[in-house]
Amino acid sequence: MVWVLPANYIVNKLAGVHDERDIARGFTIFCVVSVVLILNFSVLLGYPGRGEDVSFRIGDLDDGEAADLWKIRKEHLYNGGWGLYQYVVCIGSLFMGTIMLEGIVTSILAKSAPRELEGDFFNAGLLATLAGGGGRVLGDACIVVGGELHRVEGLDFVNCVFVQVLMLFSLGLYLINRFYTTLDV
């Protein structure tokens, strides 16, 4: 809630000055940059010795089998001492970008919806709600697929999730550019 009001304020101010299509393109690029910056580059670039020497420390766990399973699994942590800050700043930026993008996309959707959707039940609001719900389902699917891919030794969970998100934002950017003239409302 704290991030939503400032995001909507920024969108409102930008919409008065710029074309909504350009704002949508800009926020999509902002989200792509945020996703790229959140990736764990030590794993992607394969720095030798990085991410392989860190495992979970489970000293307080009584169940020996669970402790053995966790000790086997090596986790890839952000290195350089700034990984926590990288993650928090990039997640915050990504969240703000998606909130702002949702506002612009909903506005474009409401303006470009066909007249047939101005009925009692089926209207642009319902369409926007369904699109938002579909986006959340897609995000949940990315987390599930990332969790399954994370089972493979050597793959980082953050990268498994956010590479998928990067592909989705890239697809969105392609679609905005492809249908730029159609989005003119």
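Laboratory data are not the source of any read-out in this text; all were calculated from the coordinates shown. Because the structure is a prediction, the values reported are computed rather than measured. When we count neighbours, we look across all protein chains shown, and the Cβ atoms used for this are built from the backbone with ideal geometry, even at glycine.
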Extension gain Phe179-Asp120, at 0.36 nm per residue separation less the Cα-Cα distance, in nm?
-> 18.3 nm
Each label point is 7 Å from the Cα along the Cα-to-Cβ direction; what then is the distance between the points at Arg136 and Phe157, in nm?
-> 2.2 nm
Taking 7 Å along the Cα-to-C-beta vector as the label spot, tell me the Ser170-Leu149 distance in nanometres, rounded to one decimal.
-> 1.1 nm
What is the local net charge at Ala124, summed over the other residues whose Cβ is closer than 14 Å to its Cβ (Lys, Arg +1; Asp, Glu -1)?
-> -1
In nm, the gap between the two label points placed 7 Å beyond Cα toward Cβ at Lys13 and Leu84 is 3.2 nm
